[in-house]
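Report on the structure given below.
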Amino acid sequence: MSKNIIILQHIDIETPGYILDLMHQDNFNLTTIELDQGEKIPSNLNQFDGMFCMGGPMDTWMEKEYPWLIEEKNKIKEFVVNLEKPYLGFCLGCQLLGEILGGNVVKSTPPEIGILDILMNSSYSNDHLFGEFNSSFKVLQWHSYEVQDLENNNKVTLLGSSPTTKYQIFKYKNHAYGIQFHIEIKD
């Protein structure tokens, strides 16, 4: 049975990259919504088995400049919290997830740009998505804002950090992941 995946994009160059190639190989049914081009998220999210939320040049708080961010946050909350369906958020998608789960998105000091280290904590080894990763690895970072203050949500588990950004990888329950860096990039 083929899976139906919705992909929320904020700019046409920020796609799921090599993960998109894998989904094509596995014959997933993909619905890409170009939010920056005025496309709307479908009202019936129940038709989708998973959601990808990509990065973009805007920030979560820029709702006046990008009013569609308001609806996007509501739809992510519906999908992740109410429907409890699988979600992967990259960079901006990570920050949107963090915000709807009660965290704050704040300016990074300093911004992380370049190939930098991720250090996994002890809870990652039993994770069904990241359990096979090495305890440290290098990734592409390209952000100047980050999620903080998720400690008060006891359904959030921190999996990995960088030396300057605590919430590089976190999950909500066992179905929604925020990934601050760009693991999806392909050459």
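The values are calculated or read from the model by the stated rules, or taken from the named source; none is laboratory data. The shown structure was predicted, so the numbers you read here are calculated from the model rather than taken from an experiment. As a convention, Cβ positions derive from the backbone with ideal geometry for all residues, glycine included, and neighbour counts pool all protein chains shown. Surface areas here come from the heavy atoms of the whole protein model, side chains and all, with no ligands, DNA or RNA. Shrake-Rupley method; radii C 1.70, N 1.55, O 1.52, S 1.80 Å.
Answer yes if at least one residue in region 22-42 is of a type in the set (Ser, Thr, Tyr) and either free of Cβ contacts under 8 Å to residues at least 24 places away in the same chain or in a loop (DSSP other than H, G, I, E, B) (or both), and no otherwise.
The answer is no; no qualifying residue exists.
A single member of 63, 71 is open to solvent by 60 Å² or more (accessible area, probe 1.4 Å), part of a helix (DSSP H, G or I) and modelled with pLDDT of 95 or more, and it is 71. Restricting attention to region 71-99, which residues are among the aliphatic types (A, V, I, L, M) and over 12 Å from the mean Cα position of the chain (by Cα)? Once the filter is applied, which keeps residues that are among the aliphatic types (A, V, I, L, M) and over 12 Å from the mean Cα position of the chain (by Cα), region 71-99 yields 81, 83.
Among residues of region 157-180 being in contact with an Asp or Glu (Cβ under 8 Å, 6 or more places away or on another chain) and open to solvent by less than 40 Å² (accessible area, probe 1.4 Å), the one that is farthest from residue 138 (Cα to Cα) is 175. If I filter region 124-144 for residues that are at pLDDT 95 or above and open to solvent by 50 Å² or more (accessible area, probe 1.4 Å), do I get at least one hit? No, because not a single residue in region 124-144 is at pLDDT 95 or above and open to solvent by 50 Å² or more (accessible area, probe 1.4 Å). Checking residue 101 against (1) open to solvent by less than 40 Å² (accessible area, probe 1.4 Å); (2) under 14 Å from residue 168 (Cβ atoms), which single condition isn't satisfied? Evaluating residue 101 over (1) open to solvent by less than 40 Å² (accessible area, probe 1.4 Å); (2) under 14 Å from residue 168 (Cβ atoms) leaves (2) as the failure. In region 74-87, which residues are assigned to a loop (DSSP other than H, G, I, E, B) and either among the hydrophobic types (A, V, I, L, M, F, W, C) or open to solvent by 60 Å² or more (accessible area, probe 1.4 Å) (or both)? Passing the criteria: 83, 84, 86.
Give the residue that is farthest from the chain's Cα centre (by Cα), with candidates limited to residues of region 43-60 that are touching a residue at least 40 places away in the same chain (Cβ under 8 Å) and open to solvent by 60 Å² or more (accessible area, probe 1.4 Å).
Filtering region 43-60 for residues that are touching a residue at least 40 places away in the same chain (Cβ under 8 Å) and open to solvent by 60 Å² or more (accessible area, probe 1.4 Å), the one farthest from the chain's Cα centre (by Cα) comes out as 47.
Of everything in region 16-39 that's open to solvent by less than 80 Å² (accessible area, probe 1.4 Å) and hydrophobic (A, V, I, L, M, F, W, C), which residue is nearest to residue 180 (Cα to Cα)? For region 16-39, the residue satisfying everything is 19.
In region 12-35, the residue that is farthest from residue 86 (Cα to Cα) out of those that are charged (D, E, K, R) and modelled with pLDDT under 95 is 12.
Of 144, 125, 162, all but one fail to be closer than 24 Å to residue 36 by Cα and small (Gly, Ala, Ser); the exception is 144. All but one of (1) within 26 Å of residue 58 (Cβ to Cβ); (2) more than 14 Å from the chain's Cα centre (by Cα); (3) buried (at least 17 other Cβ atoms within 10 Å of the Cβ) hold for residue 120; which doesn't? Among (1) within 26 Å of residue 58 (Cβ to Cβ); (2) more than 14 Å from the chain's Cα centre (by Cα); (3) buried (at least 17 other Cβ atoms within 10 Å of the Cβ), the lone unmet condition for residue 120 is (1).
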